[in-house]
Amino acid sequence: MAKAAARFVCQKCGAVTNKWAGRCDGCGEWNSIVEETPLAQGPAGKSLGQSRGRKLPLTDLSTKEAPPPRTACKIDELDRVLGGGLVPSSAVLVGGDPGIGKSTLLLQAAAAFARVGLKVVYISGEEASAQVRLRAQRLGLQDAPVKLATETNLRDILTTLDEEKPDLAIIDSIQTMWADNVDSTPGSVSQVRAAAHELTSFAKRRGCAVVLVGHVTKEGNLAGPRVVEHMVDTVLYFEGERGHQFRILRSVKNRFGPADEIGVFEMTGGGLAEVSNPSALFLAERGTPAPGSVVFSGIEGTRPVLVEFQALVAPSPHSQPRRSVVGWDGSRLAMILAVLESRCGIPFAGLDVYLNVAGGMRVAEPAADLAVAAALLSAREDAALPPETVVFGEISLSGALRPVGQTENRLKEAAKLGFSTAIVPRGGKARGGKAMKLTQMSDLAGFVGEVFGAG
Ligand code: TYD
Ligand code: MG
């Protein structure tokens, strides 16, 4: 690429030449000419070129800002995930598999926000108004003051929103929107990006909060919600197993609150019901302790949640034994199997390993390592852990156990649900009490010896 022509500017009078000189021809000043580097290089029209912009006024960090005013809709599980309520002019993306219950959740949210006084517009690009009204009836929300329209044309939608001036606009779904200035089919990456860009900048300009629904897609020709994640302030995913009635709303990004917060719902015949005590729900199906089942005391966002890990270990008929995981990270499982093998001498070669988190929950914390190891060992040895026991702790590659954060909260939640013993790493801030007996371990080999008698 041809190098852009050099530019020399007199720092006194601003005269521009294409050659350096000791004295400025314009004002006669000596030693005032300096070479100025262009802002960008590249073909004209494709780069910023040489022309300079306006210098921005810079401020410092100490200026006081009031926290954004929020509106809570009184669906606590939703408010908490949003960081305490909906922020005006924010853009929220709600992603999830088709059929998981996004439209149900957002219709309920629309009604709830309308009932606390917000002006709410719900635009459906997928269902006819009659269908949405039928759903509202089924949910008992037909009297909520929500304005409804069925449309996919972005220009018409923006015009409508501009004139209606709602506080909250819900767009279901972003994949059905169609911007007439973009030359590709609805659902394509460029259409989805363009529509999301227009809607989020509308939110900022007009002070209207926008919620975009995005389907998680498996095929490549339909853009998924990931392509707009960077444009919005808050990204929530609605997840759950189809066969289970539990649904988890998880914040993966939040410019106005903590990420990794979860809200738990149950899909019922009358819509989504809040689950305010998720631990009790996730452990509801648990009977007497069985081999391979271990209760983990985890932290989701700001809340402790107890979940059950289930493992099955069986001789493999295949030359490559199976490693199958639901609700936990597959490579983390491989790591724990490797540590068990090389630090504790417990081989899993020739054995199929299945690991599952009960209730359709997904756990991402390394603090669950010890619970996973305990479930694997318990399944392999066909020996159940002592009853009323919870387990948590991180395992390092050396086989040492590392203490994890929020130990007190984890123990308190376990005690609340009737657990009396906790197996935890040594060195944490944990203190046992009358209600909770602590068994502290410093390494995995010690844990194996103590709990399963030398492995
Ligand atoms: P929906 O909200 O349409 O999913 P999405 O918008 O994510 O595609 O929910 C669809 C499922 O929810 C459907 O299988 C029926 C079920 N459902 C209930 O079980 N109870 C209800 O009250 C409602 C409205 C839906
Ligand atoms: Mg839907």
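Tabulated data
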item: Cα-Cα pairs of the chain separated by more than 39 Å (percent); result: 42
item: Distance (nanometres) between label positions extended 7 Å along Cα→Cβ at residue 36 and residue 150; result: 5.9
item: For the chain, size of Cβ-based charge dipole, Lys and Arg +1, Asp and Glu -1, in debye; result: 1100
item: Dipole magnitude of segment 63-206 about its Cα centre (Cβ charges: Lys, Arg +1; Asp, Glu -1), debye to nearest 20; result: 460
item: Carbon plus sulfur fraction of accessible area for segment 292-333, probe 1.4 Å, in percent; result: 51
item: Share, in percent, of DSSP beta bridges within the chain that are antiparallel, nearest 5; result: 50
item: Å³ per residue enclosed by the Cα convex hull of segment 257-342; result: 174
item: Furthest towards positive pole of dipole, 75, 256, 449, structure part the chain, Cβ charges; result: 256
item: Per-pair calculated FRET efficiency, R0 = 30 Å: residue 162 and residue 74 via Cβ, rounded to 0.05; result: 0.55
item: Probe 1.4 Å, protein heavy atoms only - accessible area per residue of the chain in square angstrom; result: 49
item: The chain - Cys residues lacking any other Cys C-beta under 4.7 Å; result: 73, 208, 344
item: Percent breakdown of C-alpha pair distances by 5 Å bin, ordered from the shortest bin, for segment 147-203; result: 4, 21, 34, 25, 12, 4, 0
item: Kirkwood hydrodynamic radius of segment 128-261, from inverse mean 1/r over distinct Cα pairs, in Å; result: 16.3
item: Among 333, 424, 31 - extreme Cα towards positive end, dipole of the chain, charges at beta-carbon; result: 31
item: Estimated [θ] at 222 nm from DSSP helical runs (n ≥ 4, -39500 (n - 2.57)) normalised by residues in the chain, nearest 500; result: -7500 deg cm²/dmol
item: Burial order of peptide ranges 275-282, 171-178, 306-313, 46-53 (average beta-carbon count within 10 Å, highest first); result: 171-178, 306-313, 275-282, 46-53
item: Highest to lowest packing among 368-374, 210-216, scored as the average C-beta count within 10 Å; result: 368-374, 210-216
item: Loop GluC sites (Glu not before Pro), segment 379-455, which have at most 16 other Cβ atoms in a 10 Å radius of their Cβ (DSSP); result: 388
item: Two-site FRET efficiency, residue 268 against residue 142, from Cβ-Cβ distance with R₀ of 22 Å, rounded to 0.05; result: 0.80
item: Estimated FRET transfer efficiency (residue 11, residue 206; beta-carbon r; R0 41 Å; 0.05); result: 0.40
item: Peptides ranked, highest mean first, by Cβ atoms within 10 Å: ranges 228-236, 182-190; result: 228-236, 182-190
item: Segment 307-378: radius of gyration and largest Cα-Cα distance (Dmax), Å; result: 11.6, 33
item: Members of 119/253; 19/46; 119/165; 412/437; 74/165; 102/218 lying beyond 20 Å, as alpha-carbon distances in this model show; result: 119/253; 19/46; 74/165
item: Given charges at beta-carbon only (K, R positive; D, E negative), |dipole| of segment 79-150 in Debye; result: 180
item: With 10 Å bins from 0: P(r) over segment 317-455, alpha-carbon pairs, percent; result: 12, 42, 37, 8, 1, 0
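The values are calculated or read from the model by the stated rules, or taken from the named source; none is laboratory data. Bear in mind the structure is a predicted one, so any value in this text is a computation, not a measurement. Cβ: placed from backbone, ideal geometry, glycine included. Neighbour counts: every protein chain shown. The area values use the complete protein model at the heavy-atom level, side chains included, leaving out ligands, DNA and RNA. Shrake-Rupley method; radii C 1.70, N 1.55, O 1.52, S 1.80 Å.
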